1. Of all residues in the stretch 137-180, how many are more than 14 Å from the chain's Cα centre (by Cα), of a type in the set (Gly, Ala, Ser) and closer than 14 Å to Ser199 by Cβ?
2. Which pairs have Cβ atoms under 8 Å, sit 6 or more apart or on different chains, and link a residue in the stretch 182-195 that is within 13 Å of Ile91 (Cα to Cα) to one that is among the small types (Gly, Ala, Ser) and outside any helix (DSSP H, G or I)?
3. Could you tell me how many of the residues in the stretch 1-40 are under 13 Å from Glu94 (Cβ atoms) and part of a loop (DSSP other than H, G, I, E, B)?
4. Which is in contact (Cβ under 8 Å) with a residue 40 or more places away in the chain, under 27 Å from the mean Cα position of the chain (by Cα), over 21 Å from Met378 (Cα atoms) and surrounded by fewer than 22 Cβ atoms within 10 Å (Cβ to Cβ), of His89, His53?
5. Just checking, which of Ser206, Ser240 is hydroxyl-bearing (Ser, Thr, Tyr) and out of contact with any strand residue (DSSP E or B) (no Cβ under 9 Å at 6 or more places or on another chain)?
6. May I ask you to verify whether Ala146 is under 30 Å from Glu225 (Cβ atoms), of a type in the set (A, V, I, L, M) and either at pLDDT 95 or above or surrounded by fewer than 15 Cβ atoms within 10 Å (Cβ to Cβ) (or both)?
7. When the stretch 342-370 is examined, which residues are found to be touching a Leu at 6+ places or on another chain (Cβ under 8 Å) and either in a helix (DSSP H, G or I) or more than 20 Å from Ser23 (Cα to Cα) (or both)?
8. Are any of the residues in the stretch 346-354 out of contact with any strand residue (DSSP E or B) (no Cβ under 7 Å at 6 or more places or on another chain), surrounded by 17 or more Cβ atoms within 10 Å (Cβ to Cβ) and over 15 Å from Ala70 (Cβ atoms)?
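The values are calculated or read from the model by the stated rules, or taken from the named source; none is laboratory data. Fair warning: this is a prediction, and the values are worked out from it, not measured in the lab. FYI the Cβ positions are ideal-geometry reconstructions off the backbone, even for glycines, and counts take in every protein chain you see.
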Amino acid sequence: MPGPLASLKVLDFSTLLPGPFASLLLADMGAQVLRIESPTRMDLLRVLPPHDHGVSASHAYLNRNKRSLALDLKQPEALEVIKQLLADHDIVLEQFRPGVMERLGLGYDALKAINPRLIYVSITGYGQSGPYKDRAGHDINYLALAGLASYTGRTESGPLPLGMQVADVAGGSLHGVIGLLAAVIARQHSGVGQHLDVSMTDCAFSLNAMAGAGYLACGVEPGREDQMLNGGSFYDYYRSRDGRWLSVGSLEPAFMQQLCSALGRPELAAKGLSPKPAEQQVLKNELKAEFEKHDFAQLCELFAGVDACVEPVLSLAEAVQHPQLQARELVTQVPRGDGSAQAQMACPLKFSEGLPEPRHIGAVLGQHTDQVLGELGMSAERIAELRRAKVIL
């Protein structure tokens, strides 16, 4: 089956994580994604460990279902290739710092003159404007400047490096896809495309959600462990006797009653309803003591049949074996191209009409160069000439 985005053709100039995760979602939903990669400046994701069969597992996952064209954008002939591709590729995704694509002759204004229907998505750390637009940054910096890190972590130890890239993925990737698809819908009515400026810091700032709303409207500045959902209440993680952890989110009275009854302390439920910080701390200490009386396996068995919003903190190895994740088919087998397959995380979106099967893991650099140029009508002689000139790999 072709997938709901089969009509979209994307030129993807991005590297590393934010842009590639966005185009992965598009490709999984059927879009035709062509990566434009430098033959001289490797995408560092290609060498990121761990490796499977000599290939970075991260690269193999983030770039599955995409073709690769190795093209030196600094050479004039490369610009001509891009112009030809724009005849039927109506979306550009790029992740350079502001001004880089313009200097290459590939800025939005130059390309929309060739294809007015072009939707051009720029994902950057700080956006196309503002005093930080040219400043370097990483996920941890965007979360810090957006205010998110100020009320995460523990009072004594400070903010925590989260381990997953929230600003990159929830900020840049997902907001980029949302904006891109909105622009596609708008184009269906207007017939013209537009430029989408996606700042990972902007999008991370929007993730403040409830805390940001409370501050802006009421002046309530959240701090570490002083909010209901950031450790200021019983809503937290609890250690078992053998050093494992469980999550407790029993916010509603019915869930709190189930939690306390399962632990043999039904009288504690009343404290869970109190907004007073002192009573919340008393409850938290009592729950800590109760959890530490039992081993992890005992607690898992205890809460398996109790609807109390209590779940174990699983390792990735345990998560992929969990019956819920298995029932949702969140792991898929993706062809490597040699007759074998690699286990990868599946697209999490479920469409009643289904999605196309994964076609291949991330391609070798320039793997589809000859194929793509041949589709543009180039002769084998011309392709060989471009290769000798080092325009292509």
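1. Of the residues in that region, 3 qualify.
2. Ala183/Gly193; Arg187/Gly193; His195/Ser122
3. Result for the stretch 1-40: 5.
4. On the way: His89 fails: over 21 Å from Met378 (Cα atoms).
Step by step, each of His89, His53 is checked, and only His53 is in contact (Cβ under 8 Å) with a residue 40 or more places away in the chain, under 27 Å from the mean Cα position of the chain (by Cα), over 21 Å from Met378 (Cα atoms) and surrounded by fewer than 22 Cβ atoms within 10 Å (Cβ to Cβ).
5. Values: Ser240 fails: out of contact with any strand residue (DSSP E or B) (no Cβ under 9 Å at 6 or more places or on another chain).
Selected residue: Ser206, the only one of Ser206, Ser240 that is hydroxyl-bearing (Ser, Thr, Tyr) and out of contact with any strand residue (DSSP E or B) (no Cβ under 9 Å at 6 or more places or on another chain).
6. When the stated conditions are applied, Ala146 passes them.
7. The answer is Thr369, and nothing else.
8. If we filter the stretch 346-354 for residues that are out of contact with any strand residue (DSSP E or B) (no Cβ under 7 Å at 6 or more places or on another chain), which is where we start, we get 347-354.
Now narrow it down to the ones that are surrounded by 17 or more Cβ atoms within 10 Å (Cβ to Cβ): 347.
Retained after the next criterion (residues that are over 15 Å from Ala70 (Cβ atoms)): 347.
Looking through the stretch 346-354, at least one residue is out of contact with any strand residue (DSSP E or B) (no Cβ under 7 Å at 6 or more places or on another chain), surrounded by 17 or more Cβ atoms within 10 Å (Cβ to Cβ) and over 15 Å from Ala70 (Cβ atoms).
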